Amino acid sequence: MAYETLIVETTDHIGLIRLNRPDALNALNSQLLGELGKALAAMDADDDVRCIVLTGSEKAFAAGADIKEMSEKTFAEVFKDDMFGPAGQSVIRTRKPIIAAVSGYALGGGCELAMMCDFILCSDTAKFGQPEINLGVMPGLGGSQRLTRFVGKSKSMEMNLTGRFMDAEEAERSGLVSRVIPAKDLVDEAIKTAKKISEKSMIAVMATKEAVNRSYEMTLSEGLLYERRVFHSLFATDDQSEGMAAFIEKRSPQFRDT
Ligand code: CO8
């Protein structure tokens, strides 16, 4: 499928999606979000894709929702269209892992999009922020909720109320990103990380993703029980037998996703 706002490729079982509106610093408009939903759904359904990397340009992952597209809208329009609600769902519905590779600006909806992914690798030039407050609005795709869970109330509240940006070093220290990588190596490192994941059993990978995400929704005791039951259920897979046999026989496992 041809996309106008994305560059999409699949190599060696890794789906790579680049946001591509360079003139608008990859601002998220309805076309881009629609195309992103389609690209993610296609990769989720494609057995050849085992892990997904979502990135932008070196200057911007995404500088937010498209302010020019939003500026004339009325309450009735955004409410009736449930603006960006379905777009957010299309990211979090994806069952395969998505790594956000963030360089440059990840602001507003851009920061929120990165946080919807399963983890964030960022370059040393990355800048994260929720500057919606400067536009007389507030976050609408998780900035007040996910950012708070990532970095704690105090820092989230400060960022949301002042609109100040967080640099890469602070983002790593605060737990927003898993690692900081030199900008020139970011996408290669994200692909290398995706490759490592792609070599695991997909059943175990998808079950693990679901379990970690559940930790946001459940009490600790419910989450621990959920985790244990899913762990038990993996003993019904061939990949569990193969993975454990390979360890004992001192060889690499040959997972078959069965
Ligand atoms: N929307 C539209 N266009 C944008 C955006 C944006 N968010 N960000 C940048 N652009 C455009 C600029 O207008 C400019 O276009 P032009 O050349 O036609 O004037 C071009 O990109 C380059 O931008 P700048 O010249 O401003 O580049 P600088 O390097 O000087 O500055 C900044 C970079 C600091 C990133 C600056 O562009 C900026 O502050 N951008 C806006 C950041 C922002 O406020 N983001 C939040 C947007 S609101 C939002 O994300 C809400 C999400 C939740 C919605 C959920 C609904 C349910």
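The values are calculated or read from the model by the stated rules, or taken from the named source; none is laboratory data. The shown structure was predicted, so the numbers you read here are calculated from the model rather than taken from an experiment. When we count neighbours, we look across all protein chains shown, and the Cβ atoms used for this are built from the backbone with ideal geometry, even at glycine. For the accessible areas, the whole protein counts, side chains as well, though only heavy atoms, and no ligand, DNA or RNA atoms are used. Shrake-Rupley method; radii C 1.70, N 1.55, O 1.52, S 1.80 Å.
Summing -39500 (n - 2.57) over the DSSP H runs of n ≥ 4 in the chain and dividing by its residue number, what mean residue ellipticity at 222 nm do you reach, to the nearest 500 deg cm²/dmol?
-13000 deg cm²/dmol, from helical runs alone.
Ordering PHE128, LEU33, ILE14 by the projection of their Cα atoms onto the charge dipole of the chain, which places +1 on the Cβ of Lys and Arg and -1 on the Cβ of Asp and Glu, puts PHE128 at the extreme positive end.
Between MET157 and LYS196, the simple label model (points 7 Å from Cα in the Cβ direction) yields a spacing of 3.6 nm.
Highest mobility in the GNM of the chain, judged by mean-square fluctuation with C-alpha springs under 10 Å and restricted to VAL53, VAL137, VAL187, is found for VAL137.
Between the beta carbons of ASN134 and SER178, assuming R0 = 30 Å, the FRET efficiency works out to 0.60 to the nearest 0.05.
Rolling a 1.4 Å probe over the heavy atoms of the protein chains gives segment 6-198 an accessible area of 47 Å² per residue. Farthest toward the positive end of the dipole of the chain, out of VAL205, GLY64, THR5, is the Cα of VAL205, where the dipole comes from beta carbon charges about the Cα centre.
Legend: P(r) of the chain from all alpha carbon pair distances, 10 Å bins from 0, whole percents, reading 7, 29, 35, 21, 7, 1, 0. By the gyration tensor of its Cα atoms, with a ≥ b ≥ c the square roots of the eigenvalues, what is the shape of segment 54-137: rounded for a/c under 1.5, prolate for a/b over b/c, or oblate? Taking the square roots of the gyration eigenvalues as a ≥ b ≥ c, segment 54-137 is oblate. Using C-alpha pairs under 8 Å with a sequence gap of at least 6, the mean separation divided by the residue count of the chain gives a relative contact order of 16 percent.
Take 103-113, 89-99 and order them by the average number of nearby Cβ atoms within 10 Å per residue, most first; the result is 103-113, 89-99.
What does the charge dipole of the chain about its Cα centre add up to, to the nearest 20 debye, if the Cβ of each Lys and Arg holds +1 and the Cβ of each Asp and Glu holds -1?
On the way: 31 positive and 38 negative charges, 120 e Å.
For the chain, the charge dipole is close to 580 debye.
Can you tell me the accessible area per residue over segment 200-249, all protein chains present, probe 1.4 angstrom, in square angstrom?
Numbers: 3430 Å² over 50 residues.
Result: 69 Å² of accessible area for each residue.
Taking the 1.4 Å solvent-accessible surface of the chain as the whole, the part contributed by carbon and sulfur is 56%. Peptide packing: for 63-76, 24-37, the average count of neighbouring Cβ atoms within 10 Å per residue gives the ranking 24-37, 63-76, highest mean first. Across all directions, the average projected area of the convex hull around the alpha carbons of segment 152-201 is 4.8 nm².
Structure note, pairs LYS38/LYS68; LYS127/LYS192; LYS153/LYS196: Cα-Cα distances above 27 angstrom occur for LYS153/LYS196. Take every DSSP beta bridge whose two residues both sit in the chain; close to 25 percent of them are antiparallel.
Dipole orientation for the chain: of the candidates MET83, MET116, SER233, SER233 has the Cα lying most toward the positive pole (charges on Cβ; Lys, Arg +1; Asp, Glu -1).
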